[in-house]
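See structure below.
The values are calculated or read from the model by the stated rules, or taken from the named source; none is laboratory data. On a predicted model such as this, the values are computed, not experimentally measured, just so you know. Backbone-built Cβ (ideal geometry, glycine too); neighbour counts: all protein chains shown. Surface areas here come from the heavy atoms of the whole protein model, side chains and all, with no ligands, DNA or RNA. Shrake-Rupley method; radii C 1.70, N 1.55, O 1.52, S 1.80 Å.
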Amino acid sequence: MSPARGRARGGTSSAGRTRGGGPALTRRETLRLFGLGAAVAAASGCSLIGGTPVPELMASTAPLPKPFAVPLPLPQVARPYKTDAYADYYELKQRVADVEILPGLRTQVWGYDGQFPGPTIRARSGRKTIVRVANGLAAPTVTHLHGGHTPPQSDGYPTDLVQPGAHRDYEFPLEQRAATLWYHDHRMDYTGPQVWRGLAGFFLVGDEEEAALPLPSGERDVPLMICDRSFAEDGTMPYPGREQGPGAREMFMGGVLGDVILVNGAPWPQLRVDRARYRLRLLNGSNARTYELALSPGGTLVRIGSDGGLLAAPRPVRQVRLAPGERVDVVADFSAYRVGDQVELRNLAGEGPQARVMRFAVDRDARDDSAIPARLSRIEPLDPAKATATRDFEFSSGSMHGGTGWLINGRPFDVKHVEARPKLGDTEIWRVTSDVAHPVHLHLAHFQVLSVNGERPEGPPEWKDTVELREAQTVEIITRFTGYRGRYVMHCHNLEHEDMAMMANFDVI
Ligand code: C2O
Ligand code: CU
Ligand code: CU
């Protein structure tokens, strides 16, 4: 890396926003998939902020498809193969499949049931759900339910590998509130490439409280998995991994950005909608891109949910920021438009094609019995006075095995090292600091954000499992460790950072 040159002036700290576009950086932005040999990488280095690498765009060599030319796909809803008094049982088979993502080209994906995104599991709070994952791939896998309140043996610890040809039953008690969760690969050191190839899907938990609300439902409850990918001319989705060992090539060690925005696996798709309210479950399934989503030409999105389920009350917003791993549920009301209008969901953090996400075509008048109640749920604020410990976690780059790696409290991930030992039932404050942007995720424990750079966030508390730290921030979160004892991880959800060791164990004792 060549530190001085890469200093990104005018760029922003956000993972998704690439540089402001000074002349020195333009060349880098046009680097193409097949031009990424070691010589090129060594000569150009990666983009840096204050000497630290930030996510880098990998340009497609395939021509970019026309936006809004394909319909939005809806992931198939999985059906249990068995249901009994104890649980609902599902089976997902991980396998390679050839699918059409760019019109006219075949792309090989690794999919749960050969699908990208994988089938959506619709589960019920308090109803045990057992998912058998069978590995029909040529590489080991691990499956993690992101946002799940899961006992450790089913949480997808990064070294709990399912070998090719083997399978594992993951048991999810789902003693948790309704929320938009997702499952994805979590294999130690290889999560970035394996998610990039397609190993991710929705897992929606419902409960009685939510079902009793008049929110849009059925066809008007739409999960949207947003992620970016790049394509070679032959339609493949190559991942810029190292020739040997884990992680992305040096110039992508800040994170891999694609130039094609996919929603539910389709490039810049279009959804025909009624003049009615829709619940959009937004999930950022990207490796490293952060989005700032807004409707164009203008319009309000009413936030109703977060990573950990419904908010206490709806919050109308003009835009929604979404870092990797985060979810936001919004209601969009298309009755505010006329039949024939086209409403774009745009990404204000992107430029050019990456500023587009998808389009809603307002198709017809229709009856709408839905409503957004003024009160959605009750959220008990966790009380900092009850915290029994305050711990610090510093997320930063640093040297690792002679190169640069991503560290927590100065260490690369070590399966044997335990960074924190909270007691079951205890409330703790965790203070997290960043150098460049890091979306920080905790397994098991949903949390509330107490402060960002010393300031209380706006509005009443919400339940989160992933919080975006922007450049040089300190965020305090408060959480209670409930449910299960055992070993869990916290990590950066920029998947390149995660694979390059930005992860730490915590044991609930
Ligand atoms: Cu979504 Cu540990 O990850
Ligand atoms: Cu998780
Ligand atoms: Cu990070």
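Quickly run through region 220-268 and pick out the residues that are in contact (Cβ under 8 Å) with a residue 60 or more places away in the chain, aromatic (F, W, Y) and closer than 23 Å to C492 by Cβ. Residue satisfying the conditions is F252 alone.
Restricting region 470-499 to residues that are away from ligand 2 (no atom under 16 Å from the Cβ) and open to solvent by less than 10 Å² (accessible area, probe 1.4 Å) leaves a set whose member that is farthest from L450 (Cα to Cα) is E496.
Could you tell me whether I226 is part of a strand (DSSP E or B) and surrounded by 23 or more Cβ atoms within 10 Å (Cβ to Cβ)? Criteria not met by I226.
Residue count for region 324-355 under the criterion of being under 21 Å from A178 (Cα atoms) and either in the same structural domain as L181 (by TED's automatic domain parsing) or among the aliphatic types (A, V, I, L, M) (or both): the result is 4. Scan region 84-94 and tell me whether some residue there is part of a loop (DSSP other than H, G, I, E, B) and open to solvent by less than 30 Å² (accessible area, probe 1.4 Å). Within region 84-94, one or more residues are part of a loop (DSSP other than H, G, I, E, B) and open to solvent by less than 30 Å² (accessible area, probe 1.4 Å).
Taking A445 as the residue in question, decide whether it is surrounded by fewer than 22 Cβ atoms within 10 Å (Cβ to Cβ) and within 16 Å of ligand 1 (Cβ to nearest atom). Talk me through it step by step, then tell me what you get.
Values: surrounded by fewer than 22 Cβ atoms within 10 Å (Cβ to Cβ): yes; within 16 Å of ligand 1 (Cβ to nearest atom): yes.
Yes, satisfied.
So how many residues does region 125-142 have that are more than 18 Å from P246 (Cα to Cα) and either assigned to a strand (DSSP E or B) or within 16 Å of ligand 1 (Cβ to nearest atom) (or both)? Count: 7. Within region 104-123, can one find any residue that is under 27 Å from E233 (Cβ atoms) and touching a helix residue (DSSP H, G or I) at 6+ places or on another chain (Cβ under 8 Å)? Yes, region 104-123 has at least one match.
For region 432-448, a residue qualifies if it is outside any strand (DSSP E or B) and either within 16 Å of ligand 2 (Cβ to nearest atom) or among the β-branched types (V, I, T) (or both), and the qualifying residues are V436, H443, L444, A445, H446.
Quick check on region 368-398: of everything there that is open to solvent by less than 70 Å² (accessible area, probe 1.4 Å) and over 30 Å from A312 (Cα atoms), which residue is nearest to ligand 3 (Cβ to nearest atom)? Quick ask: steps written out before the conclusion?
Narrowing region 368-398 to residues open to solvent by less than 70 Å² (accessible area, probe 1.4 Å): 368, 370-373, 376-377, 379, 382-384, 387, 389, 391, 393, 395-398.
If we keep only those that are over 30 Å from A312 (Cα atoms) as well, we get 395-398.
Numbers: F395: 6, S396: 9, S397: 9, G398: 12 Å.
My answer is F395.
Here's the yes/no breakdown for (1) in a loop (DSSP other than H, G, I, E, B); (2) within 20 Å of G247 (Cα to Cα); (3) assigned by TED's automatic domain parsing to the domain that holds M225; (4) open to solvent by 30 Å² or more (accessible area, probe 1.4 Å):
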site: Q153; (1), (2), (3), (4): no, no, no, yes
site: G156; (1), (2), (3), (4): yes, yes, no, no
site: R168; (1), (2), (3), (4): no, no, no, yes
site: E171; (1), (2), (3), (4): no, no, no, yes
site: L174; (1), (2), (3), (4): yes, no, no, no
site: L181; (1), (2), (3), (4): no, no, no, no
site: Q194; (1), (2), (3), (4): no, yes, no, no
site: F203; (1), (2), (3), (4): no, no, no, no
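Of G147, G201, G192, all but one fail to be under 19 Å from T466 (Cα atoms), within 16 Å of ligand 3 (Cβ to nearest atom) and under 14 Å from the mean Cα position of the chain (by Cα); the exception is G192. Pairing residues of region 331-344 that are under 21 Å from G305 (Cα atoms) and open to solvent by less than 10 Å² (accessible area, probe 1.4 Å) with residues that are part of a strand (DSSP E or B) and hydroxyl-bearing (S, T, Y), at Cβ distances under 9 Å and at least 6 apart in sequence or on separate chains, gives V331/Y278; A332/Y278; F334/Y278.
Restricted to region 399-442, and to residues there that are in contact (Cβ under 8 Å) with a residue 40 or more places away in the chain and of a type in the set (K, R), the residue that is least open to solvent (accessible area, probe 1.4 Å) is R431.
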